[in-house]
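All of the numbers you see were taken from the coordinates with simple rules; none came from a lab. Values in this document were obtained by computation on a predicted structure and should not be read as measured data. FYI the Cβ positions are ideal-geometry reconstructions off the backbone, even for glycines, and counts take in every protein chain you see.
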Amino acid sequence: MSAIVDQKSEKKNLACSLPIAATSKQTIGLMGGSFNPAHSGHRLISELAIKRLGLNKVWWLVSPQNPLKASAGMASIKERVQHAVKISRNPKIKVMTVESFLNTQYTADLLKILSKRFSSTRFIWIMGADNLLQFSEWKNWEEITSLVRIAIFDRPNFSLKSLAAGMPRRFSSKRLREREGLLLKYKPPPSLDFFS
C-alpha cells in the first residue's frame, strides 16, 4: 500500500509505505506539519514552491504528533489527512503519512531515511517564516540543514524576526537571492532561499 493517500478512491486509507513515485532526477518539496487543519495557505505556499523552485511534486507530510505542539485539540490523523486531501486540489501535491508508517517523530530521522532510500531525488524542505523562529529548537536541526535544501516563505509580520533567528544567521553565506529560486535544487545542502 502507498503512503500517498490516493486523492480519488482511497481517502480513508492510512496504511502506507514509502512511495515508489520518487524517481531519479526529480525535485520534490517536503512540507511537514500537523495540518490541524490543512488550509488554503498550505496550498498557496505549495503552488508557489512548485513554480518558483521548479518542483516536480510537493509531499505534505502529515505528522502524527508534532513534538513541539500540545496534543490537546489535535484532530485524529485520519481526519487531518482527509481534510488535507480536500484542500490540496492539485495533482502535484500528494498528502502522505510517511511518519506514521516509519514510526518516526523527528524531521531529522525522517529525512535521513528519505535521503537514503531516494538518493537520486533532490529534496527541498518548505516552511513558513513563522516556523523558522523555532527551527533551532528542532531535534538535530543542524543535521537537517545538511540533509536538505530549505525554502522559506514569508508570513505576514515574520520576515524580519525570522531572518534574525539562529539558523538563517548561521547559514547566511549559503542563502541564495530570492530570484535564484530555480537554482536552489542544484546547490548542495546547506543552502536556503527566502521568498517574500
Practice item. May I ask you to evaluate 6.51 cos²θ - 1.76 cosθ + 1.60, the Karplus curve with θ = phi - 60°, for each residue of the stretch 107-121 and list the ³J(HN,Hα) values in order in whole Hz, giving x for glycine and proline? Key: 4, 4, 5, 4, 5, 4, 5, 4, 4, 6, 6, 10, 5, 9, 8
Revision key, fill the gap. Calculated from DSSP helices alone, with each H run of at least 4 adding -39500 (n - 2.57) and the total divided by the residues of the chain, [θ]222 nm to the nearest 500 comes to -8500 deg cm²/dmol
Review point. From Cα coordinates alone, what are the radius of gyration and Dmax values for the stretch 97-184 in angstrom?
Key: 13.6, 38
Review point. Long-range amide H contacts for residue 195: which residues qualify at under 5 Å (H placed 1.01 Å from N, peptide plane, sequence gap of 5 or more or a different chain)?
Key: 152, 153, 154
Point to revise | Computed P(r) (all Cα pairs; the stretch 40-146; 5 Å bins; percent) | key: 2, 10, 19, 24, 25, 16, 4, 0
Review point. For residue 112, which lysines qualify as cross-link partners when the Cα separation must be under 19 Å and same-chain residues fewer than eight apart are set aside?
Key: 25, 139, 185, 187
Point to revise | Amide H contacts of residue 123 (H built 1.01 Å from N, under 5 Å, at least 5 apart or other chain) | key: 28, 149
**Study point:** Relative contact order of the stretch 122-173, defined on C-alpha pairs under 8 angstrom at six or more residues apart (%)
**Key:** 48 percent
Check your understanding: Which of the peptides 51-59, 112-120 is most tightly packed, and how do the rest follow, going by the mean number of other Cβ atoms within 10 Å of each residue?
Key -> 51-59, 112-120
**Study point:** In order through the stretch 180-196: 3J(HN,Hα) via Karplus (6.51 cos²θ - 1.76 cosθ + 1.60), integer Hz, x for Gly, Pro
**Key:** 9, x, 5, 8, 4, 5, 8, 8, x, x, x, 7, 8, 9, 10, 10, 8
Exercise for review: Taking the Cα centre of the chain as origin, work out the dipole magnitude from +1 charges on Lys and Arg Cβ and -1 charges on Asp and Glu Cβ, in debye rounded to 20.
Suggested key: 500 debye
Check your understanding: Listing 138, 125 from the residue with the fewest other Cβ atoms within 10 Å to the one with the most, what is the order?
Key -> 138, 125
Revision key, fill the gap. Quick note on 28, 87, 124, ordering by fewest other C-beta atoms within 10 Å, gives 87, 28, 124
Revision key, fill the gap. Rounded to two decimals, the Debye log10 I(q)/I(0) of the chain (Cα scatterers, no solvent) at q = 0.11, 0.18 Å⁻¹ is -0.45, -1.33
